[in-house]
Structures are given as C-alpha cells and as structure tokens.
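The values are calculated or read from the model by the stated rules, or taken from the named source; none is laboratory data. Note that the structure is a prediction, hence the values are computed from the model and not measured. Every residue, glycine among them, receives a Cβ derived from its backbone with ideal geometry; neighbour counts consider all protein chains shown. The accessibility values were calculated without ligands, DNA or RNA, using every heavy atom of the protein model including side chains. Shrake-Rupley method; radii C 1.70, N 1.55, O 1.52, S 1.80 Å.
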Amino acid sequence: MGQSPPVVLGRENSLCDPFTFLSSSSAFISGEGFRDEIAVEIVDYTAELPDECLAFVFQFLGPGDRNRCSLVCKRWFRVDGWSRHRLSLNAQSEIVSSLPSLFTRFDSVTKLALRCSRKSISLTDDALLTISIRCRNLTRLKLRGCREITDEGMSTFAKNSKKLRKLSCGSCMFGAKALNAVLDHCANLEELSVKRLRGIHDGAEPIGPGAAASSLKMICLKELVNGQSFAPLVLGSKNLKTVKIIHCLGDWDSVLQLIGNRNRNYKENLNCDINYGSSDSNRSPLMEIHLERLQVSDIGLSAISKCTKIENLHIVKTPECSNYGLVCVAENCKLLRKLHIDGWRTNRIGDEGLIAVAKHCSNLQELVLIGVNATHVSLSAIACNCSKLERLALCGSGTIGDTEIACIAAKCMALKKLCIKGCPISDIAIEALGSGCPNLVKIKVRKCRGVSSDAGEWLREQRGSMLINMDACDTDCGFEASVSDIGVHETGVEVGQVTAVGASSSSNGRLALLRSKLGHFAGRNLVACTLRRWSNCDDSLNINL
C-alpha cells in the first residue's frame, strides 16, 4: 500500500498555510488490488481579498485573534504591521533595545500608549526620543507611570512631534516646563489630559497656551496638587469647548470667576462685532464643564453661569454648592442639554434648584440626580416643561417614591431611558411605568427593596420590546447607573511586549457595514466563519444605557 508524495504548495508568501491542505480519499480500489489516493487542493479564498480589504477585516478581530492572524503567513504579517495605527507598549526599560525593530514593523502608528507599573523602571528620555523620531505621524500619546521621563525628554519629544493632537499623561514626574514645551511646539494640540503629575506642585510656574492657543478644545485636570497653575492655559485657549476639573486640591472659586469673566468678555466682543458689522470673533464659548470633588461654592457656580452657551454641566460631590448656585446657572444657561448632579446627600440642592432648571432649561435632554432629595413638585415641573427629556437617572434619594415615578410615567412622553437605584419605590411604581412613557426602551431598577420579581415579570409582559434590568429579574441588560452617552473605548492587544489597540468587540452597526462592503465574499470560508463567530459574540455583549 503506497502513499502519494506530498504536494508542495505554490504560494510564495506562505509561512504556513492553514487554508490549503490535502485530503485523502480511498474512493475506489482497482481490480488489481492497487489503492489510489487522490490529493484534493482546497482553494484559499483570502488570496482574492485585496490587502486593504484584509486590513479592514483585521479591525474587527479581538486582541488574541489579531495576534494569531499575524502569524498565519508573511502576507498577513505584513498587512497587520502597516494597518495597525494604535499601539500600547509595556513601557519598561527592557523594551528599549526592541524599539527600532518594533517601529520598523509598525510604521503607521498614529496613536501610542506607554504604560509602566509602579514596581518597574520605565522608559527614559532617550527611548522617548527614539519613539519621536520613528513615529513622525504620531497624533495621540498616552503616558502612564513613566517616572523616568523628565522635563528635558518631553521638550525634545515635543519638538519632533508637530502633528500631536491629543496628550494624556498620568503618574509621571515631569511638570510645568514639559507641558509648556508641548504647548509651545505642538500647534495642533486639541486635547490635554493631566492626572497626578508629581511635577505640578505648589510654586510651579504657570502653564500658558503657547502655540496651541487656537487649537486646544479640551482640558482635563485630575488629582493635582496645584491645578490652579493651569488657569492661564484655560483663559488663553481661544477655542476651548470643554473643561474638566476632578479631585484637585485648593480653592477653585477664584479660577471659575476668571473663566466666567472670560466668557462674559467673549459675549461683549461678539456684540461689538455684530454692531460694527464684523463676523469674526476671536474666541469660542465654553460648552461643557465638569466639576467633581472640588472645593467650590455658590460663588463658583454663579461665576460659570456667565458661560451662557453651556450645554453640558456636571456638579459632582461639591458639598458647598446649594440651590442658589444652581438657580444662577439655570437662569443664565438656558441652552443646557445635559445636567448631572451628585448632591452627596448634603440636602443643599433640592426642589428649589430643580424647579429653576425646569423653568429655564427647556432643551434639557439628560438629567442625572444622585443623592438629591427631589420630590414630585420639582419632578413634575421638569416633566411638564422639559418636553425633550430622553434620559433620566434617579439614584440614592430617600424622597423619590411611587408618587414621583407615577408623575414621570404620566408626563415624560419623550423619555427613552430610565434608571432608578436605591430609591424607596414599590411595585406600584413599576405598574405606572407599564402604561406610561410610551417611548421608553430601556429601564434599570436596582437596590429598590420594595420592587418584587413579579413586578419585573409583569413589566416584561406589558412592554415586550423594552430592555429591562432589575435585581430580581433574570434579564440583565448591563447598562450603567449614569445615563450619559457612552463613547468609544480603546482596548489593548498583546503582541509580545507591544499591544496594538483595536476594537475588542464588534457591534451590529459595524457588522452591517462589513457585510455591505464584503457581501460578495460572504459565502466563502473566511468571511462566513468570521461573521458567524462575531454574531455569536454579539449575543453576550452588554447593552449600556
């Protein structure tokens, strides 16, 4: 019984080819007793896909799958290299020797993350210089725990990274000198996020806008000892849209007063331009402000009420703020669309402030109240006057009961998403939601002890198309307590010491796009199997509110 010799595959770019293989058949035996084996070659349909199309498919693969795909053959290895635009490195000092070869392979990187643990020694200035030379098209940089990088290293990096648009740095040792260098040399910088920088301390030099005065649109400050040193940057950024100040030490009322005066001057300049027939205004108004865990009082809220174009405002765990400050904001910021308030159960913000919001902010679409003891008086006013309200979260309030929920169910006609957590409601409230809020598509009820499992089952029967998430119910839709809009998050993909950041999960929209663009391949092995696997993964995805 002889065996046929092995068939040599003809693909010159193959390392190993899992799609082309031999299958043996003993379909017939000749009358002379000889057994013939037939070698059948299975066609690799991926060879018909252009490199660009293959790269598009790679975007939908998870971390492990994409790394394994890069080892299939030389072609896939090459396409994976030039199509990866996001990398995340374990930024320990040992990786320095691998940087040249690493960025030779991944030569199209535009978004880079460098992370180092506390127990390790991070990259140094020389490594950062190498990265800046190799990644000339870098537009986003994230630094975490890179404690060996100094002011001088960041200054040199900034000179070589003219295209940088987003910088996020945390738990690093450099300070004001480094940030001023970035702002002086990166004229296209749009977003700056700073967290727990050791070099930003009392007595640090002020940080100004530099060459990024016209491009900067978002500033986020977190857990800084002397965040007030960023005041010149905030005031000098002409097109600043968003300011987020979170858990920074010191008194912030004076800074907020400067911000309010900045926007008042903008309004006066705009009126002058209109009166003199000029359409050019040198500044744009602030539209989003986040204040969280700060020493801020009603003086600060009254100051930011001068920012009349604000559409998104977060007042989170600022115990010195009261109804007075919220009334000032409501009376002046009439374009408000999103309002998040965490009263920290201090009872300083309640019906009075919320009634003012209902009276003046008719465009409100999203309202989150945490630890705020609102009653049916203010909620009724909001339901009646804020006809565009689509997302509502009520959490940790001892005054929101069945009456308040029944009021919402009867009057919030546009409401689509509702979250109730830690409130003293019962099955009566759930019954009201069964016939109210005709546009409601998602509801979450958590830690409300008065709600039984029977009420959840009844609501599911009444509103079959609604996504329901209750403690006592089996259905878990997994959306968060906050009803704020969910953004696109980056995830990491390990490649030895390198991580390429890609989409770790697929969505229905992306699958539809892929199917429309690759429809003529859908019946073939690679795409068909991949789509089936993605579809199965979709069933386990959480749906966030």
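The stretch between Lys334 and Lys163, if pulled fully straight at 0.36 nm per residue, gains 57.8 nm over its current Cα-Cα span.
Which of the residue pairs Lys166/Lys421; Lys162/Lys195; Lys162/Lys222; Lys317/Lys447 have a Cα-Cα distance greater than 30 Å in the structure shown? Table pairs above 30 Å Cα-Cα are Lys166/Lys421. Placing R0 at 41 angstrom, the Cβ-Cβ distance between Leu249 and Lys359 gives a FRET efficiency of 0.70 after rounding to 0.05. Classify the range 85-229 from the C-alpha gyration tensor, please: rounded if a/c falls under 1.5, else prolate or oblate depending on whether a/b exceeds b/c. Verdict is oblate for the range 85-229. If you plug the beta carbon distance of Ser435 and Asn137 into 1/(1 + (r/R0)^6) with R0 = 60 Å, you get a FRET efficiency near 0.60. In plain terms, the chain from Thr403 to Arg198 could stretch by 68.8 nm, reckoned as 0.36 nm per residue minus the Cα-Cα distance. Distance from the C-alpha centroid of the range 109-125 to that of the range 136-173: 10 Å, rounded to the whole angstrom. Per residue, the range 85-229 exposes 41 Å² of accessible surface when a 1.4 Å probe is rolled over the protein heavy atoms with every protein chain present. Couplings 3J(HN,Hα) for the range 166-179, derived from phi with the Karplus relation 6.51 cos²θ - 1.76 cosθ + 1.60 (θ = phi - 60°), are 9, 10, 10, 9, x, 6, 10, 9, 6, x, 4, 4, 5, 5 Hz, where x marks Gly and Pro. Taking label positions 7 Å along the Cα-Cβ direction at both Lys447 and Asp65, the computed distance is 3.6 nm, reported to one decimal. As a fraction of the 1.4 Å probe accessible area of the range 85-229, surface on carbon and sulfur atoms comes out at 48 percent.
Reported to the nearest whole Å, the Cα centre-to-centre distance from the range 226-249 to the range 363-422 is 32.
Fully extending the segment from Cys53 to Thr242 would add 64.3 nm, taking 0.36 nm per residue of separation and subtracting the current Cα-Cα distance. Once the C-beta distance of Lys388 and Val43 is scaled by a Förster radius of 45 Å, the resulting FRET efficiency is 0.20 to the nearest 0.05.
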